[in-house]
Amino acid sequence: MKRLPPLPALHTFLVTAQHCNFTRAAQQLHITQGAVSRQIAGLEEHLGYPLFQRQARGLSLTREGQDWLPRVQQVFALIEQGVREVGERNSTLQLKAPTCVMRWLLPRLMEWQALRPDVPVELTTTVQHGVDFRREGFDAAVVYGAQPNGGLQVRKLFDEQLTPVCAPSLLEGALPLAQVHDLERHMLLHPSRDEHDWQLWLQATGTDIVPHGPRQHFETLDMAMAMAAQGTGVAIGDWALVGDDLRSGRLCMPFGLKVLTGKGYYLVSPSKHMPAGLGELMDWLEGRARQ
């Protein structure tokens, strides 16, 4: 069995055949003209027949060279495709998300990894609610606020809907929560330093209640929900983000009112070419949010 020709020599043949000129091929390959000539001569010696006709005005392919060219082009196209596809398949998707959405996002990502271990995701959490793909090396991000624009690929996850939540035991305790005014007798838990969320919800009730009782502020939604689940007080949170806690019975909604804030959670990515698997992940998360 005859030994296969060396790959570098085949690449030199491909470039030379495209230009039919040793000088231009040398410039593209960043080697000397003499090196190109020697590689072609060595390849022809290895094969046992000429690939080019040397002429005063340049080069032309022989019949054998014409037969070789599409085959070599196909070989290098397959190599390039393999490098690209294998590299994309083995790469980990980089996802950014604010800490406030972790209660919803993390269980879904764990479910995704069980379904699609071939598309790993590395999650970076942040207190920021936005992303700048020009400066940050993420493939996608969950953002909070108004609907994004600016040429991004956007999947809407859900609207923010505020509602009070508490431990089920609080409903039947010494100070039951039967109506909105009963909140005046309970500690209100705030998932942030400002009290905007509670104020917005109380205004929507149409009552004149202005709680003056004890209150506690937290840095994250998780901390506020953990305290609420222990029966410490009543927290205000996004209905969608605490959905798992409501379904499990860890938390409950003492009132049915959910107030839209005009903001929401969106999964976004740059409009450029998506890495392998990212489009599937975005569609899947969008579908899980609708459920």
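Under the criterion of Cα pairs below 8 Å and six or more residues apart, the relative contact order for the chain equals 21 percent. With loop membership from DSSP and a limit of 14 other Cβ atoms within 10 Å, the longest segment of the chain without trypsin sites (Lys or Arg not before Pro) is 194-271.
In the chain, the longest principal axis of the Cα atoms and the axis of helix 7-19 are about 80 degrees apart.
May I ask for the longest run of the chain untouched by GluC sites (Glu not before Pro) that are loop-located per DSSP and have at most 16 neighbouring C-beta atoms (other than their own) within 10 Å? Before the final figure, lay out the partial values.
Details: sites that count: Glu136, Glu172, Glu195, Glu219.
The longest uninterrupted stretch comes out as 1-135.
The number of Lys pairs in the chain with C-alpha atoms less than 23 Å apart, excluding pairs fewer than 8 positions apart on the same chain, is 6. Ordered from longest to shortest, the equivalent ellipsoid semi-axes for region 1-132 are 52, 17, 11 Å, each the square root of 5 times a Cα gyration tensor eigenvalue.
Structure remark: mean-square fluctuation, Gaussian network model of the chain, C-alpha springs under 10 Å; the largest value among Gly58, Gly277, Gly262 belongs to Gly58. To put it simply, the accessible area of the chain at a 1.4 Å probe is 52 percent carbon and sulfur. Across region 74-79, computed HN-Hα scalar couplings (Karplus, 6.51 cos²θ - 1.76 cosθ + 1.60, θ = phi - 60°) run 5, 4, 6, 5, 5, 5 Hz from first to last residue, x flagging Gly and Pro. Here the Karplus relation 6.51 cos²θ - 1.76 cosθ + 1.60, evaluated at θ = phi - 60°, turns the backbone of region 204-210 into coupling constants of 5, 6, x, 9, 9, 5, 10 Hz, with x for every Gly and Pro. GNM, the chain, Cα, under 10 Å: largest mean-square fluctuation among Tyr144, Tyr265, Tyr49? Checking each option, the largest mean-square fluctuation is seen for Tyr49.
Entry comment: accessible area of region 1-126 is 60 Å² per residue, from protein heavy atoms only and a probe of 1.4 Å. Treating region 185-291 as a set of equal point scatterers at the Cα positions, no solvent, please give the Debye-formula log₁₀ I(q)/I(0) at q = 0.20 Å⁻¹. Normalising to I(0) and taking log10 leaves -1.11.
Ellipsoid fit via the Cα gyration tensor, region 90-208: semi-axes of 37, 19, 12 Å, each the root of five times an eigenvalue, largest first. Note on region 99-167 and region 177-224: Cα centroid distance 26 Å, given to the nearest whole angstrom. From its DSSP helices (H runs of at least four residues, each -39,500 (n - 2.57)), the chain gives a residue-normalised ellipticity at 222 nm of -12500 deg cm²/dmol. So what does the Cα-only Debye profile of region 12-62 read at q = 0.13, 0.19, 0.21 Å⁻¹, as log10 I(q)/I(0), no solvent term? Values returned for q = 0.13, 0.19, 0.21 Å⁻¹ are -0.25, -0.54, -0.66.
The values are calculated or read from the model by the stated rules, or taken from the named source; none is laboratory data. Keep in mind the model is a prediction, meaning the values are calculated, not measured. Glycine gets a Cβ as well: all are built from the backbone with ideal geometry, and neighbour counts include every protein chain shown. Heads up: the accessible areas ignore ligands, DNA and RNA and are worked out on the full protein's heavy atoms, side chains in. Shrake-Rupley method; radii C 1.70, N 1.55, O 1.52, S 1.80 Å.
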